[in-house]
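Here is the structure we will look at, set down as structure tokens.
The values are calculated or read from the model by the stated rules, or taken from the named source; none is laboratory data. What you see is a predicted model, and the numbers here were worked out from it, not measured in a lab. A quick note on method: Cβ atoms are made from the backbone with ideal geometry, for glycine too, and the neighbour counts reach across all protein chains shown. In case anyone asks, the SASA skips ligands and DNA or RNA and just uses the protein heavy atoms, side chains included. Shrake-Rupley method; radii C 1.70, N 1.55, O 1.52, S 1.80 Å.
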Amino acid sequence: MAVTDEAIEKIKEMIVSGALRPGDRLPKESELAADLGLSRNSLREAVRALSLIRILDVRQGDGTYVTSLDPQLLLEALSFVVDFHRDDTVLEFLAVRRILEPAATAMAAARIAESQLKALTEQLEALGTSPSVEELVACDLEFHRGIVQASGNSVLCSLLDGLSGPTTRARIWRGLTQEDAVSRTLHEHRAILAALRDRDAEAARSWATVHIASVEQWLRSTL
């Protein structure tokens, strides 16, 4: 194991074991290096690496702290990695969304608040009946983000938020090239919203599946 990797593992063990908790300040570099049996250089590299993935927060002139370890914060690294996807992996991202998003939509049916339903309704009404493709895709992202947030599962929300980026270009492409893409998307959004209003988890799950599968099916046919 590389020296830096060993240092990362030792800090990780301290956090996982509870020796360091969210918000805690790390001991001084010299003390921590001695306690862990590490060189200060390897410890410094480990801290730098863990700060990049939001495990640690280095505050100049103050010290190094364990972050909140909130899932949304930690999964920011996923969004960074996802940005390096190749066009031929978009179908794989869509397949993952087709597994996760209908489940989140079904969960939302039982939990969504009236204020959240109102916000989703206003989003769709603001689009009108003939939005541009760019307006529709922007609304699509916000619409689904709002539903997933209503599921009450912050990990699921962060995962899907990170996975949505690679499929955005595919949705714009579809909107520009498929004749009925805009009207179909609006219809599917309204059907999902109606299922949520009815607190019908299975209908919400089914319409969310249809919605994502239609993009996936179109893209598969064009590749």
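Computed with the Debye formula from one identical point scatterer per Cα of the chain, without solvent, the log10 of I(q)/I(0) at q = 0.08, 0.09, 0.11 Å⁻¹ comes to -0.41, -0.50, -0.67. Each semi-axis of the equivalent ellipsoid for the range 3-83 is √(5λ) with λ an eigenvalue of the Cα gyration tensor; in descending order they amount to 21, 14, 12 Å.
Taking the 1.4 Å solvent-accessible surface of the range 1-72 as the whole, the part contributed by carbon and sulfur is 49%. In order along the range 137-146, the phi-based Karplus estimate (6.51 cos²θ - 1.76 cosθ + 1.60, θ = phi - 60°) of 3J(HN,Hα) comes to 5, 4, 5, 4, 4, 5, 4, 6, 4, x Hz; Gly and Pro are listed as x. Per residue, the chain exposes 54 Å² of accessible surface when a 1.4 Å probe is rolled over the protein heavy atoms with every protein chain present. Each listed q (0.12, 0.14, 0.17, 0.20 Å⁻¹) maps to a log10 I(q)/I(0) for the range 85-148, found by the Debye formula over equal Cα scatterers with no solvent: -0.40, -0.53, -0.74, -0.91.
Using the rule -39500 (n - 2.57) for each DSSP H run of four or more residues, divided by the residues of the chain, the 222 nm mean residue ellipticity is -24000 deg cm²/dmol. For the range 99-166, the dipole from Cβ point charges (+1 on Lys and Arg, -1 on Asp and Glu) about the Cα centre works out to 280 debye, to the nearest 20.
Rolling a 1.4 Å probe over the protein chains gives Ser68 an accessible area of about 80 Å². Taken one residue at a time, the phi angles of the range 56-69 give Karplus couplings (6.51, -1.76, 1.60, θ = phi - 60°) of 10, 10, 8, 10, 4, x, 10, x, 10, 10, 6, 6, 5, 6 Hz. Gly and Pro are set to x. Each residue of the range 117-134 was assigned a 3J(HN,Hα) from its phi angle through the Karplus expression (A = 6.51, B = -1.76, C = 1.60, θ = phi - 60°), giving 4, 4, 5, 5, 4, 5, 4, 5, 5, 5, 5, x, 9, 9, x, 6, 4, 5 Hz with x at Gly and Pro.
Ordering Lys12, Lys28 by accessible surface, largest first, gives Lys28, Lys12; the 1.4 Å probe counts only protein heavy atoms, with every chain in place. Using only side-chain charges placed at the Cβ, +1 for Lys and Arg and -1 for Asp and Glu, the dipole size of the chain relative to its Cα centre rounds to 180 debye.
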